[in-house]
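To start, the structure itself, in structure tokens.
The values are calculated or read from the model by the stated rules, or taken from the named source; none is laboratory data. Remember, predicted model here, so these are calculated numbers, not experimental data. Cβ atoms come from the backbone with ideal geometry, glycine included; neighbour counts cover every protein chain shown. Heavy atoms of the whole protein, side chains included, go into the accessibility calculation; ligands, DNA and RNA do not. Shrake-Rupley method; radii C 1.70, N 1.55, O 1.52, S 1.80 Å.
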Amino acid sequence: MIKDITEVLFDEATILGRLDILARKITAEYEGKDLTIVALLNGSVIFMADLLRRIPLPLQVDCLAVSSYHGTQSKGSVTFRQTPVADLSNRHVLVLDDILDTGTTLRTVLDHFAQDKTILSLRSCVLLRKLIAQPRKAEADFIAFDIPDAFVVGYGLDYNERYRNLPLVGVLGPEAIARYAGR
Ligand code: XMP
């Protein structure tokens, strides 16, 4: 698997070091508040597990399954594969996603939660923010890393459901992209 990666952007130690800092910021921000973290599946599953264990607050967790990517391209629309069930009334909601690219996914999810007027505050946190040329549809409030505009996998991010289990974030090479295209 690792041989398919043309460039390692962040190894596990680097990611965990940055999550320590991010978790401290989030803890300071939400101390004394009723926080619910809503993680977007499947991509943020590893990010969620590592980040949550670094936040020493009595928070609640829920997940929302969405998809917007097909292969290495955004479909431009977001499908909710499962709707959230948690009661978010009178709670501060922090949405977690693996990567912010065009912002389509985050915009759709934030708009969905914004309809619930009983939510006290709504913010977002991403592991990666891709530096793209065009304007984004949404911005994140908490960001672990900025990355170049390349297709990356690992640490929860996939290519056609592969590579999520790589313990690093890296750029996927063209041979692997061709090998697993459409399957
Ligand atoms: P948008 O464009 O909606 O993209 O901001 C966010 C979602 O698209 C997926 N995505 C990627 N997945 N490598 C991946 O494995 C990437 O480089 C990449 N860029 C976007 C991801 O699911 C994210 O939630």
Residue by residue through segment 170-180, the couplings from Karplus 6.51 cos²θ - 1.76 cosθ + 1.60 with θ = phi - 60°, in Hz, x for Gly and Pro, are x, 7, 7, x, x, 5, 5, 4, 5, 4, 9
With +1 at each Lys and Arg Cβ and -1 at each Asp and Glu Cβ, the charge dipole magnitude of segment 56-183 around its Cα centre, to the nearest 20 debye, comes out at 220 debye
So, with points 7 Å from each Cα along the Cβ direction, the Ser121-Lys33 label distance in nm works out to 0.2 nm
FRET efficiency for Ile2 and Phe145 from the Cβ-Cβ distance with R0 = 22 Å, rounded to 0.05, comes out at 0.65
Reduced to Cα centres, the span from segment 77-118 to segment 1-56 in Å works out to 18 Å
Net charge (Lys, Arg +1; Asp, Glu -1) of residues whose beta-carbon lies under 13 Å from that of Ile99, Ile99 excluded, is -2
For the chain, the convex hull over Cα atoms projects on average to an area in nm² of 10.1 nm²
By accessible area (1.4 Å), largest first, Lys25, Lys33, Lys130 order as Lys25, Lys33, Lys130
Averaged per residue, the 1.4 Å probe accessible area of the chain, protein heavy atoms only, in Å², is roughly 49 Å²
Taking Cα pairs closer than 8 Å and at least 6 residues apart, the relative contact order of the chain in percent is 25 percent
Karplus ³J(HN,Hα) for segment 24-37 (6.51 cos²θ - 1.76 cosθ + 1.60, θ = phi - 60°; Hz, whole; x = Gly/Pro) runs 5, 4, 5, 4, 5, 5, 10, 3, x, 10, 7, 9, 10, 9
Listed by chain and number, the residues whose amide H is under 5 Å from that of Ala39, excluding neighbours fewer than 5 places away on the same chain and using placed H, are Asp62, Cys63, Leu64, Leu96
For segment 81-183, averaging the sequence separation of alpha carbon pairs under 8 Å that lie six or more residues apart and dividing by its residue count, the contact order in percent is 22 percent
